[in-house]
Amino acid sequence: MRLYLLFVTVFISIFYNNYAQEKGYKETLAYLNMKLKGQCTFSCSVNILKIEFYEKDQLRHIDEVDLRDLDTNKIEVNYEEKSIKISCADDYEDCITRRLLIEKSKRQFNRLIFYLDVNDKSFRGIERALLNLIRLAQIFNYSNSEPFE
């Protein structure tokens, strides 16, 4: 009986640890790339987030931003439009660099805007994942094991 209880305890512990895994950069980026496949691709290097936006399988523009320059208090979410707007912090106006590939130009912007073609559950998960990504860069030793969905 003790052996059985030990086995069940070990099994539950392993299952829980796999399910409640820390959501670091790697896991968060993987989630965003999986959910937004075909719409945009996320990558991050030393707090610099790079987002490649696609339209009809063609790369349209690339946004780059230091995640530490974004303001988590200035996130606007519209559930009807399925849009998320993330603004730069007051001290970092125009913190987003956008490279427009068709016009071959570069511009500065003060917010990231995502218009998403996903279901409601995924939309809320993407909102949580984006916030998690920003917090990972801004808050020392930040950790999150809550599922995005």
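How far is it, in nm, from the label point at LYS50 to the one at ASP117 when both lie 7 Å from their Cα along the line to the Cβ?
Going by the 7 Å Cα→Cβ label model, 2.5 nm.
Please arrange LYS85, LYS26 by how many other C-beta atoms lie within 10 Å of their C-beta, fewest to most.
Neighbour counts put them in this order, fewest first: LYS26, LYS85.
How large is ³J(HN,Hα), in whole Hz, for each residue of the stretch 93-109 in order, when computed from phi with the Karplus curve 6.51 cos²θ - 1.76 cosθ + 1.60 and θ = phi - 60°, using x for Gly and Pro?
4, 6, 7, 9, 9, 10, 9, 8, 6, 6, 7, 6, 9, 10, 9, 9, 10
In the chain, which cysteines lack any other cysteine Cβ under 4.7 Å from their own?
CYS40, CYS44
How large is ³J(HN,Hα) for each residue in the stretch 46-57, as worked out from phi by the Karplus curve 6.51 cos²θ - 1.76 cosθ + 1.60 (θ = phi - 60°), to whole Hz, x for Gly and Pro?
6, 6, 8, 8, 10, 10, 9, 9, 10, 9, 6, 6
Starting from the Cα gyration tensor of the chain, take the square roots of the eigenvalues, sort them a ≥ b ≥ c, and report rounded, prolate or oblate (rounded when a/c is under 1.5, otherwise prolate if a/b is larger than b/c, else oblate).
Prolate is the answer for the chain, as a/c is 1.5 or above and a/b outweighs b/c.
Where Lys and Arg each count +1 and Asp and Glu each count -1, what net charge lies around ILE51 among other residues with Cβ under 10 Å from its Cβ?
-1
Using the Karplus curve 6.51 cos²θ - 1.76 cosθ + 1.60 with θ = phi - 60°, work out ³J(HN,Hα) for each residue of the stretch 126-135 in order, rounded to whole Hz, and write x for Gly and Pro.
Computed from phi, the couplings for the stretch 126-135 are 5, 4, 5, 5, 5, 5, 4, 4, 5, 5 Hz.
Using a Gaussian network for the chain with springs between C-alpha atoms less than 10 Å apart, which of these wobbles most: LEU36, LEU67, LEU101?
Looking only at LEU36, LEU67, LEU101, the biggest GNM fluctuation is shown by LEU101.
State which entries of LYS82/LYS104; LYS35/LYS104; LYS23/LYS121; LYS50/LYS106; LYS56/LYS106 exceed 26 angstrom in Cα-Cα distance in the structure shown.
Going by Cα-Cα distance, LYS82/LYS104; LYS35/LYS104 fall outside the 26 Å limit.
Among ASP120, ASP63, ASP71, which one shows the biggest mean-square fluctuation in a GNM of the chain, springs joining Cα atoms closer than 10 Å?
Judging by the Gaussian network model, the answer is ASP120.
Any idea what the dipole of the stretch 23-138 comes to, in debye rounded to 20, about its Cα centre with Lys/Arg Cβ at +1 and Asp/Glu Cβ at -1?
400 debye
Each reported figure results from applying straightforward, stated rules to the coordinates on display, with no laboratory input. Because the structure is a prediction, the values reported are computed rather than measured. So basically every Cβ, Gly included, is an ideal-geometry build from the backbone, and we count neighbours across all protein chains shown.
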